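A.B. asks: Starting off with a structure, shown below.
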Amino acid sequence: MKDEHGLYYYPFPQNRRVHMYVREAEGIIWFRLWSADDPDLWEKHGWVPYGAIKQAAAMYKGDKFLPNRAYDIEVAKMLVKENASDSEDVPT
């Protein structure tokens, strides 16, 4: 999906009020979280590269939040790829 902030998916499918935005820059996938219930979240937390997310996920010891599911690299890659092919189809 795409809106004014960019490409996104629902990291928690049961909660459509939270969006995970993704973009690619210089071959790196970046993530940024937005929540309708926490409008300051977008401003407080900028774009995070996937490498940093992998490092943090490796250190995470909790069981209520699944970082690899919320920050889904396969979904992110698919969105970026689909958007790139959509852009190529647009006539100039």
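The values are calculated or read from the model by the stated rules, or taken from the named source; none is laboratory data. These figures come from a predicted structure and were not determined experimentally. Note that we place each Cβ from the backbone using ideal geometry, even for glycine, and neighbour counts take in every protein chain shown.
A.B. asks: For the stretch 19-49, how many residues meet the condition of being more than 25 Å from ALA84 (Cβ to Cβ) and part of a strand (DSSP E or B)?
C.D. replies: Residues that pass the stated criteria total 1.
A.B. asks: Report the residue count in the stretch 53-84 for those that are over 20 Å from GLU24 (Cβ atoms) and either aromatic (Phe, Trp, Tyr) or in contact (Cβ under 8 Å) with a residue 40 or more places away in the chain (or both).
C.D. replies: Counting residues in the stretch 53-84 that are over 20 Å from GLU24 (Cβ atoms) and either aromatic (Phe, Trp, Tyr) or in contact (Cβ under 8 Å) with a residue 40 or more places away in the chain (or both) gives 3.
A.B. asks: Tell me, please, whether a residue that is modelled with pLDDT under 95, part of a helix (DSSP H, G or I) and among the hydrophobic types (A, V, I, L, M, F, W, C) can be found in the stretch 64-78.
C.D. replies: Yes; the residues of the stretch 64-78 include at least one that is modelled with pLDDT under 95, part of a helix (DSSP H, G or I) and among the hydrophobic types (A, V, I, L, M, F, W, C).
A.B. asks: Continuing with this model, one more query. For the stretch 1-18, name all the residues that are in a loop (DSSP other than H, G, I, E, B) and of a type outside the set (Asp, Glu).
C.D. replies: MET1, HIS5, TYR10, PRO11, PHE12, PRO13, GLN14, ASN15, ARG16, ARG17
A.B. asks: Please verify whether ASN83 is of a type in the set (S, T, N, Q), surrounded by 11 or more Cβ atoms within 10 Å (Cβ to Cβ), in a loop (DSSP other than H, G, I, E, B) and at pLDDT 90 or above, treating the condition exactly as stated.
C.D. replies: So ASN83 does not fit the description; no.
A.B. asks: Out of curiosity, is ASP63 out of contact with any helix residue (DSSP H, G or I) (no Cβ under 9 Å at 6 or more places or on another chain) and of a type in the set (D, E, K, R)?
C.D. replies: yes
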